[in-house]
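Worksheet: the structure to be examined is printed underneath.
The values are calculated or read from the model by the stated rules, or taken from the named source; none is laboratory data. All values derive from a computational prediction rather than experimental measurement. Because the Cβ atoms are built from the backbone with ideal geometry, glycine has one as well, and the counts that use them run over all protein chains shown. What goes into the accessible areas is simple: the full protein's heavy atoms, side chains included, and nothing from ligands, DNA or RNA. Shrake-Rupley method; radii C 1.70, N 1.55, O 1.52, S 1.80 Å.
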Amino acid sequence: MTQQLWAKSWDTTRDGRPPSHVFLPRHLDDVYQAALRVLDATGDDQLRAVGLEPGEWRERFRRLVLLAAAVHDLGKANDHFQDMVTKRRDVRVNPQGLRHEWVTVLMLQQLRDWLLPAVAGLEDDFVVVEWAVAGHHPAHNHASPPKSSPVGAGKAIEFLTDAKDFRVALGLIQSRFNLVGQPPSIHDRTRPLIGTKSVFVELAAWQRSALRHWERLRHAPHRLLIAAAKDCLIAADIAGSALPKAMPEHEQAWDWIGDSLSNLPGAGDLQAIVDCRLSGKPPRGFQRSVADSTAPITYVKAGCGTGKTAAAYMWAADNYPTRRLYFCYPTTGTATEGFKDYLFAPESDPEKTPHCERVRAIGAKLFHSRRDVDLEIVLGASGDVEREDVDAAMKLESLEAWSTPVVACTVDTVLGVIQNNRRGLFAWPALAQSAFVFDEIHSYDDCLFGALLRFLRDVPKLPALLMTASLPESRAEALGVVFAARGIPWQPISGPEDLEILPRYRKQDIAGNDPLPTVAEALGSGGKVLWVCNTVERVIRAANSAQQFSPLVYHSRFKYEHRVERHKAVVDAFTAKNDQPALAVCSQVAEMSLDLKGCTLLVTELASVPAMIQRLGRLNRQATKGDPTMPFIVITPDNPLPYTPRDLEFTAQWLTKLPNDGISQRMVAEAWDSAGEEQPAAAGSAWLDGGPSTTVKELRELSPGITVVLEGDLPRLRANPKDIQRMLLPMPPSSLDWQGWRRWRGIPIAPPETVDYDSKRGARWQK
């Protein structure tokens, strides 16, 4: 066989003659070149991040990554992949029988003796190369290794190792690693996909052998070396695939890697963010205490409105002024709000100081899955990257992150690495150079909090600041265990005494569980009322009952672009500059992402304690000494969902610990801190514990539901596929036969008769 082997797809009818980088030999060399530059720029940082001394581990790490990069896609030399990439195979009908990374693993069994000198003859290191190769395309639906081929794949797969390009690729590998002798020929090129001699039987034997190796290597430090090597290969593959396409000038592409990863905050940049925020005011003593902390992990527990965020930037400016900074928020909404308040300094704002002009020049960016929509609707700016599918979006976003000195993001961007989530894996070289702020850690579910504990414990050289308004004693104790294991004194920093004990809230009783008379009275006197319900159905019911007050409705069951518009409308209605009365009826989406400076009355259904604390944090946020307390009303929902009866019983007990008036943030926190809950443990990690298997685990607890697009939106999507993120509509579980619906890029298309939708009220299933 003399034909060329493709590594990437290319539309010759549209784009003309294919460039060399879409063919296998050049692609393998591109990824090798990318790996070389990533290692030069951040190899030592990656080792330090996981607690390995570069002087001891550098050369071994480089050998592992470079060999893995040089061979990682050899398995694309098979007929299933070649037919797929050239459109001769419709994978919807005839899927690939074996993914190319596993074909590579099988090929490496016959190339082992020839390649061993590239890893100094170390058998254990060669198996690590195999594991890195096997895991360089992690996904939720990829078994590791696979057990069988999908339906329709066929009976056999052909290894195209007689193709000229395959021999050229081996020749490049030989020259890169100074290997002696000609590469061996690979026999048994036709491999069965079924039966007792199938490739899956061979892979099962490979797995048994790999697990025996893992028993020897699973303990630190080898476990950490393996995890870093896997991530570094993934990063090199992203850069080696994307840069030659984006930058046809070969050397310019490779220079970009080093230039980008060296684009860290300049001296004084982080301080400029602080100066912009403080606008000439001196920092509080509490903020100075945070900034003065030199511990590898700093824990801050302070209420809303105490200046924690400014203190966090002070901490970074004082301790890590030229280290990349990731500011991690729990939700896309809080990430966008944090970016807007601290890092987005529009030129049109006349109130911004000269320091804010410098903030604009820093090049800070917002990163989360829907940031382009938020940039346009919330901030009035344009997203600078067009995205047509989620995987491409994450890859492009990750390359941006490599060159971004200050990042506001969802916590998933960072902690995702613990469970092999691609967003975290792709960003790994940049993460290894960074300092981290984890905000509102009390809002993390058990899975996410367990991942935080694992990150703090096993990625020990990355400095972190943890912030929360309150935390149960059980979780504080779990953090204390990590601090002790790391040899860090447990010295929590509390918020400013005067603000922590400042009376902010008072309970207000109502008759008949009906808040409407009180709401009407508050609105009649020009007040601003936030009404939070636990379910979308009850949001709509409450909004209908208060229809005469023209309520703003905000919940999760909107198309994303309309949800962002609803968010902005609520925030604008509650700003100090808006002196009109306002009523917002919201679901739990209001708990963290809404910065409501003018809220004068909170109505809330009984919910979990963390949710109640978050909701109270929306009320009387700018209180000062001598100001009156603001009322909150708690109503009993007609059913406990989405909480359990035990959750609500616990919250009712928590409320009885609070006085009727003069309630401070410290009272709210201490009443919860003393709650008896089981101490959480560090999470198991698909990244650190996987060894030969590279699987993907959920980072957060899953919520039941289905995401759809409406049939009426298809013309827009066909015209502008990149609008898909705008049009996604999350819906609750349904008994409808949605699995049989048509799909748009894998997303179910809801027929018109199934969903009622209004851009200002949201969606519901038709009965």
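Counting other Cβ atoms within 10 Å, keep those with at most 16, restrict to DSSP loop, and tell me which chymotrypsin sites (Phe, Trp or Tyr not before Pro) in the stretch 439-548 are left. Walk me through the intermediate numbers first.
On the way: sites: Tyr444, Phe449, Phe455, Phe483, Trp490, Tyr505, Trp531; in loops: Tyr444, Trp490.
Those satisfying the criteria are Trp490.
Charges only on Cβ, +1 for Lys and Arg, -1 for Asp and Glu: so what's the dipole of the chain about the Cα centre, in debye to the nearest 20? Mind dumping the intermediate values first?
On the way: 89 positive and 93 negative charges, 196 e Å.
With only Lys, Arg, Asp and Glu charged at Cβ, the dipole is about 940 debye.
Quick check: residue separation of Gln766 and Asp737 times 0.36 nm, minus the Cα distance between them. What number comes out in nm?
9.1 nm
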Check each of the trypsin sites (Lys or Arg not before Pro) in the stretch 671-765 and keep only those in coil by DSSP with at most 15 other C-beta atoms within 10 angstrom; list them in order.
Arg742, Arg745, Lys760
Straight-line reach check, Lys308, cutoff 20 Å on alpha carbons, 8 or more apart in-chain or any other chain, hits among lysines -> Lys281, Lys340, Lys597, Lys625
Check the straight Cα-Cα distances from Lys559 and name the aspartates and glutamates below 12 Å, setting aside those fewer than 8 residues away within the same chain.
Asp713, Asp723, Asp758
For the stretch 498-545 and the stretch 173-245, what is the separation of their C-alpha centers, rounded to whole Å?
60 Å
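In whole percent, and with a 1.4 Å probe on the protein chains, what portion of the accessible area of the chain is carbon and sulfur?
Values: 15560 of 31130 Å².
Carbon and sulfur: 50 percent of the exposed surface of the chain.
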Rounded to the nearest 20 debye, dipole of the stretch 612-767 from Cβ charges on Lys, Arg, Asp, Glu:
760 debye
Projecting the Cα atoms of Thr604, Gly527, Ala669 onto the charge dipole of the chain, where Lys and Arg contribute +1 and Asp and Glu -1 at Cβ, the residue farthest towards the positive end is Thr604
Just to confirm my numbers, what's the Cα centroid distance between the stretch 71-141 and the stretch 678-703 in Å?
25 Å
As an exercise, use a Förster radius of 41 Å and the Cβ-Cβ distance of Glu59 and Glu158 to find the FRET efficiency, rounded to the nearest 0.05.
0.60
Calculate how steeply helix 222-246 sits against the longest principal axis of the alpha-carbon atoms of the chain, using the helix alpha-carbon long axis, and give the answer as 0 to 90 degrees to the nearest 10.
80 degrees
Rounded to the nearest 0.05, what FRET efficiency is calculated for Thr196 and Asp756 with R0 set to 56 Å and r the Cβ-Cβ distance?
0.50
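Let me know the shape class of the stretch 560-604, please: from the alpha-carbon gyration tensor, a ≥ b ≥ c as square roots of the eigenvalues, rounded when a/c is under 1.5, otherwise prolate if a/b is greater than b/c, or oblate.
Values: a/c = 1.93, a/b = 1.26, b/c = 1.53.
Oblate shape, in that a/c is at least 1.5 and b/c is the bigger or equal ratio.
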Reachable lysines from Lys155, Cα under 16 Å, same-chain residues fewer than 8 places away excluded?
Lys147, Lys197
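First measure r as the distance between the Cβ atoms of Arg112 and Thr13, then evaluate 1/(1 + (r/R0)^6) with R0 = 60 Å and state the FRET efficiency to the nearest 0.05.
Numbers: r = 42 Å, r/R0 = 0.69.
Efficiency at R0 = 60 Å is approximately 0.90.
Hey, can you find the accessible area per residue of the chain for me, probe 1.4 Å, expressed in square angstrom? Please list the in-between numbers first.
Values: 31130 Å² over 767 residues.
Averaged over the residues of the chain, the accessible area is 41 Å².
From the square roots a ≥ b ≥ c of the eigenvalues of the alpha-carbon gyration tensor of the stretch 99-170, which class results: rounded (a/c under 1.5), prolate (a/b over b/c), or oblate? Don't skip to the end; give the middle numbers.
On the way: a/c = 2.48, a/b = 1.32, b/c = 1.88.
Because a/c hits 1.5 or more and a/b fails to exceed b/c, the stretch 99-170 counts as oblate.
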No other cysteine beta carbon under 4.7 Å away is the test; run it over the chain and list who passes.
Cys232, Cys304, Cys328, Cys409, Cys447, Cys533, Cys586, Cys599
State the antiparallel share, in %, of DSSP beta bridges confined to the chain, rounding to the nearest 5.
25 percent
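Which of the trypsin sites (Lys or Arg not before Pro) found in the stretch 141-195 are loop residues per DSSP with 12 or fewer other Cβ atoms within 10 Å of their Cβ? Provide the component values of the computation, followed by the final result.
Values: sites: Lys147, Lys155, Lys164, Arg167, Arg176, Arg189; in loops: Lys147, Lys155, Arg189.
Here the sparse-neighbourhood loop sites are Lys147, Lys155.
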